[in-house]
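The next block holds one structure in the form of structure tokens; read it before the comments.
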Amino acid sequence: MTRRIILALLVIAACIASDQATKLLAKRYLIPGETISFAADTVRLQSLSEPWRHLVFTVLVGLFLLGLLFYTLFNGALATNHALFLSLVCAGGISNVIDRIAYDGSVVDFLNMGIGPLRTGIFNVADMAITTGAVLLALDALMQPREKPPPS
């Protein structure tokens with residue numbers, strides 16, 4: 001259990017540090033409404049011009065993440081891979097809540113990817129951690145062998 005807790009805390013710390021560092025750079029160098037394009041416009045860096053300010057989302061998401069964090073850290077029956085996947089979700093969520101607290105309810109979003117007119121929404125490293133953790137959980141669930149129904 002201690003090994004799982006250390007793994008979870010290391011993943012959470014690394015994701016939060018990466019996300020906060022990239023957001024600091026985005027806040028420092030990106031001008032609201034301006035787009036910087038890379039790789040033939042496959043990746044765009046840009047910031048949202050209108051911040052979302054919902055204290056309810058900060059509080060509710062924060063409480064949910066606190067519960068998920070305790071579940072991840074202290075559920076002895078949780079498999080290590082599930083702890084890792086949930087740690088990614090916690091890390092991204094916590095980092096976005098840090099933004100909401102620090103930046104008056106807004107989150108620093110600055111990444112945009114796509115090819116030509118087919119684009120993603122604007123997101124950040126924390127969103128990538130959340131999405132990665134959720135997709136890995138879903139794939140793991142789909143790959144579990146199905147139980148055969150008992151013979152009638």
- Within the bounds of segment 88-108, is there any residue that is in a loop (DSSP other than H, G, I, E, B), of a type outside the set (A, V, I, L, M) and in contact with a His (Cβ under 9 Å, 6 or more places away or on another chain)? yes
- Item | Positions within segment 67-107 being touching an Asp or Glu at 6+ places or on another chain (Cβ under 8 Å), at pLDDT 90 or above and surrounded by 17 or more Cβ atoms within 10 Å (Cβ to Cβ), in sequence order | His82, Phe85, Ala91, Gly92, Ser95, Asn96
- Message: Yes or no: segment 50-62 includes at least one residue that is modelled with pLDDT of 85 or more and of a type outside the set (Lys, Arg).
- Response: yes
- Consider Ser37 against the criteria (1) under 17 Å from the mean Cα position of the chain (by Cα); (2) surrounded by 12 or more Cβ atoms within 10 Å (Cβ to Cβ); (3) not in a helix (DSSP H, G or I): it satisfies all of them except one. Which criterion is unmet? (1)
- Only one of (1) surrounded by 16 or more Cβ atoms within 10 Å (Cβ to Cβ); (2) assigned to a helix (DSSP H, G or I) fails for Val135. Which number is that? (1)
- Message: Given the criterion closer than 22 Å to Ile12 by Cα, at pLDDT 90 or above and more than 16 Å from the chain's Cα centre (by Cα), identify the matching residue among Asp140, Asp127.
- Response: Asp140
- Any idea which of Asp127, Asp109, Asp99, Asp104 is of a type in the set (D, E, K, R) and touching a strand residue (DSSP E or B) at 6+ places or on another chain (Cβ under 7 Å)? Asp109
- Task: Could you tell me which numbered condition Asp109 fails, if it satisfies all but one of (1) among the acidic types (Asp, Glu); (2) closer than 23 Å to Pro32 by Cα; (3) free of Cβ contacts under 8 Å to residues at least 24 places away in the same chain?
- Result: (3)
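The values are calculated or read from the model by the stated rules, or taken from the named source; none is laboratory data. A quick note: this is a predicted structure, and the numbers were derived from the prediction, not measured. No Cβ is skipped: glycine too gets one built from the backbone with ideal geometry, and neighbour counts run over all protein chains shown.
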